[in-house]
Amino acid sequence: MGRALRHRPVRLPPLPTRVGRLVVVLRRGRIVTDSDTAGELRAGFAAGLAETLVEDAAMHRLWYDLRSQALFEESFRADVLEIDGTLQDMIWRIVTRYAELSGTEVAPSPAATYAMLDGLFQQQLLHHLAGDEHARTRLAQDAGSLLALAVPGGG
């Protein structure tokens with residue numbers, strides 16, 4: 001039998017990673033204020049996700065790596081949970097604004113809504129990084145579809 005692996009305590013990369021991720025959060029937040037109709041918001045949100053999938057792929061890959069490492073490294077958890085909470089809040093603002101513009105309610109919880117969209121994003125990020133030239137288009141289409149599922153009867 002081999003020796004058990006032990007992880008050395010590591011610190012979450014401070015500013016560059018966190019700031020980069022938060023820049024994406026702020027950029028996506030404009031979608032809420034710039035949309036006057038549910039259709040505009042849905043199209044803008046889907047296009048924004050597809051754009052950041054390609055333009056910020058390296059940063060997103062690092063984010064998913066850090067989030068996975070937080071499952072093993074306790075010193076990462078608080079920071080990762082803080083960033084993840086910020087992303088969930090951002091998604092919730094977009095989805096609730098979409099529901100408001102549609103004159104209806106959001107069906108799933110904030111956590112479930114974020115998990116669906118985040119899972120889709122991570123899946124298409126992997127496809128994009130593997131050279132799949134259709135990942136961007138699929139993400140835009142599927143993100144719009146998931147938004148409609150989260151807000152039944154929405155615009």
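Below is a table of values for the structure above.
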| read-out | value |
| --- | --- |
| Alpha-carbon centroid distance for the pair the range 37-87 / the range 94-155, whole angstrom | 13 Å |
| Segments 39-49, 118-128 sorted - mean Cβ within 10 Å per residue, highest first | 39-49, 118-128 |
| Phi to ³J(HN,Hα) by Karplus 6.51 cos²θ - 1.76 cosθ + 1.60 over the range 54-71, Hz, x for Gly, Pro | 8, 5, 10, 4, 4, 5, 5, 4, 4, 4, 5, 5, 4, 5, 5, 5, 5, 5 |
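Every read-out reported here was derived from the displayed coordinates using simple, explicitly stated rules and does not represent laboratory data. If you're wondering where the values come from, they're calculated on a predicted model, not measured in any experiment. All Cβ positions, glycine included, derive from the backbone under ideal geometry; neighbour counts span all protein chains shown.
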